[in-house]
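Report on the following structure.
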Amino acid sequence: MASTYDRVINFGAGPSALPVSVLEEASKGLLNFQGTGIGIAEISHRSKEFQAFLLNMESLIREQLDVPLTHRILFTQGGGSAQFSAVVLNFLARYRLLHPERGPEETVMDYVVTGSWSKKASEEARRLGGGRVNVVVDSRQFSESGRAFDNIPLHDTFNFSPDPALVYYCENETVDGVEFSHEDSSPASFPFHKLGKDGHLVPLVADYSSSFMCRPIPHLADHAVIYAGAQKNIGPAGLTILIVREDCVVDVDAAARLGAAPVPIMMAYKTLADSGSLYNTPCVLPIYISGLVLERMKARGGLKHYEETNKRKAEKVYAALKDGEAKGKLRRKVKPGSGSWMNVVFEVVGPDAEKKFLEGAEQKGMKGLKGHRSVGGVRVSLYNAITEAEVDQLVDYMKEFIASA
């Protein structure tokens, strides 16, 4: 139903819904940020007020995710796609510093490919060169068609290299609706136990863009880098959040003198770390709104509250989907156990049935349900700002559609 602002329920995959209370507060800050008399979009990023806000935002992330002091929290721009490149360049530099005698032919980068985004990340690593890409596992091989990203492969299928420059995975595949379980006992969890048997720090990199701050991050301290575009659970597009282990903040210029590829200054993690994420003008407005979201999250109980709520939301949608499958009206696209909490994907069975489903939803004030253009179908994104009551409205509509279709 329309709100006071004539808003609909936005189930879009990103940029995605934000809490109305945050948007209302942000509108005040657009005119006057913290009593400065200057709007947040106008104020200097060097001002003491903004720098204090940024430090508090870092503290909110560290506290709610329990980020250890061994890791820096950094803020940058360019989204996950920029990190596809930055990760490769920074970790090749790190590897060259650790192994100056090894050339590209002796350098391996491990990529776990479970969906469209991890596939793109591996392709960027190949494009940049500097080492060989080892596909640890490709989940398409375990689909019925041999082409679909519809599962998390079993642990014994993962073939990690003995000494890779980096190990990359995407925790939640936004397009394909596939996600690693956060329960170690699940066969769909990430096989952390297969890494680091020699006692070395593992160069483990995770793309958390579409699940960041929706629940705790398993084995966070074991990661070298976790990155996330903010435009799913945290704020507007434009901000990218990095959690970087100290040993991965390396002197990329020293590595270049040893033969590593030069790293653009704004892609070097050391640049961000040394400048407190303020080497250049950051995306001030997205940072502000994201900070307000994080403050609201803490006030509402932090990640424990959001984990419990998001679990219930996902279970409700999957239950309705299961009912639709039993009645031959809907078809899930991801194997049981591998489905995402954040992005539930399915097909509507029958000629023009998908069009009818989407049109009916829009008539009831629910938008953003059309699947990604590359895969089609329906995609329900259940980010933090989507309330349980809004999910209930969608589930009621799904049941109504199943009964009448």
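The values are calculated or read from the model by the stated rules, or taken from the named source; none is laboratory data. Remember, it's a predicted structure, so these values are computed and weren't measured experimentally. Every residue, glycine among them, receives a Cβ derived from its backbone with ideal geometry; neighbour counts consider all protein chains shown. Only protein heavy atoms, including side chains, enter the accessible area calculation; ligands, DNA and RNA are left aside. Shrake-Rupley method; radii C 1.70, N 1.55, O 1.52, S 1.80 Å.
Does TYR383 meet the test of being part of a loop (DSSP other than H, G, I, E, B) and either open to solvent by less than 40 Å² (accessible area, probe 1.4 Å) or more than 25 Å from PHE190 (Cα to Cα) (or both)?
yes
Yes/no per residue for (1) surrounded by fewer than 17 Cβ atoms within 10 Å (Cβ to Cβ); (2) of a type in the set (Gly, Ala, Ser):
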| site | (1), (2) |
| --- | --- |
| LEU294 | no, no |
| GLY302 | no, yes |
| GLU308 | yes, no |
| LYS322 | yes, no |
| ALA326 | yes, yes |
| VAL344 | no, no |
| VAL378 | no, no |
| THR387 | yes, no |
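Tally time: how many residues in region 346-364 are surrounded by 17 or more Cβ atoms within 10 Å (Cβ to Cβ) and not aliphatic (A, V, I, L, M)?
So the answer is 4.
Please enumerate the residues belonging to region 258-286 that are under 23 Å from GLY39 (Cβ atoms) and either touching a Lys or Arg at 6+ places or on another chain (Cβ under 7 Å) or of a type in the set (A, V, I, L, M) (or both).
LEU278, VAL284, LEU285
Please verify whether GLU354 is under 22 Å from PRO236 (Cβ atoms), assigned to a helix (DSSP H, G or I) and not polar (S, T, N, Q), treating the condition exactly as stated.
No; evaluated as a whole, the condition is false for this residue.
Can you confirm whether region 213-226 contains a residue that is on the phi > 0 side of the Ramachandran plot and open to solvent by 40 Å² or more (accessible area, probe 1.4 Å)?
yes
Tell me, which helices (runs of 4 or more DSSP H) wholly within region 243-337 include 3 or more residues that are under 30 Å from PHE149 (Cα atoms) and not small (Gly, Ala, Ser)?
By residue number, 302-326.
Can you pull out every residue in region 225-245 that is farther than 20 Å from MET266 by Cβ and touching an Asp or Glu at 6+ places or on another chain (Cβ under 8 Å)?
none
What tally of residues in region 278-290 results from selecting those that are within 17 Å of LEU74 (Cβ to Cβ) and either surrounded by fewer than 23 Cβ atoms within 10 Å (Cβ to Cβ) or in contact with a Cys (Cβ under 6 Å, 6 or more places away or on another chain) (or both)?
Residues flagged as within 17 Å of LEU74 (Cβ to Cβ) and either surrounded by fewer than 23 Cβ atoms within 10 Å (Cβ to Cβ) or in contact with a Cys (Cβ under 6 Å, 6 or more places away or on another chain) (or both) within region 278-290 amount to 8.
Could you tell me which numbered condition ASN56 fails, if it satisfies all but one of (1) in contact with a strand residue (DSSP E or B) (Cβ under 8 Å, 6 or more places away or on another chain); (2) within 26 Å of PRO15 (Cα to Cα); (3) open to solvent by 60 Å² or more (accessible area, probe 1.4 Å); (4) among the polar types (S, T, N, Q)?
(1)
Looking at region 60-74, is at least one residue in contact with a Ser or Thr (Cβ under 7 Å, 6 or more places away or on another chain) and either at pLDDT below 95 or in the same structural domain as GLY130 (by the TED database) (or both)?
yes
Across region 1-43, which residue is most open to solvent (accessible area, probe 1.4 Å) among those that are in contact with a Ser or Thr (Cβ under 9 Å, 6 or more places away or on another chain) and hydroxyl-bearing (Ser, Thr, Tyr)?
THR36
Which numbered condition in (1) in the same structural domain as THR281 (by the TED database); (2) part of a loop (DSSP other than H, G, I, E, B) is the only one that GLY14 fails?
Of everything listed in (1) in the same structural domain as THR281 (by the TED database); (2) part of a loop (DSSP other than H, G, I, E, B), GLY14 misses just condition (1).
Any residue in region 50-63 that is part of a loop (DSSP other than H, G, I, E, B) and not aliphatic (A, V, I, L, M)?
no
List the pairs whose first member sits in region 252-263 and is exposed (fewer than 13 other Cβ atoms within 10 Å of the Cβ), whose second member is of a type in the set (S, T, N, Q), and whose Cβ atoms are under 9 Å apart, counting only residues at least 6 apart or on separate chains?
If the second residue must be of a type in the set (S, T, N, Q), no pairs are left.
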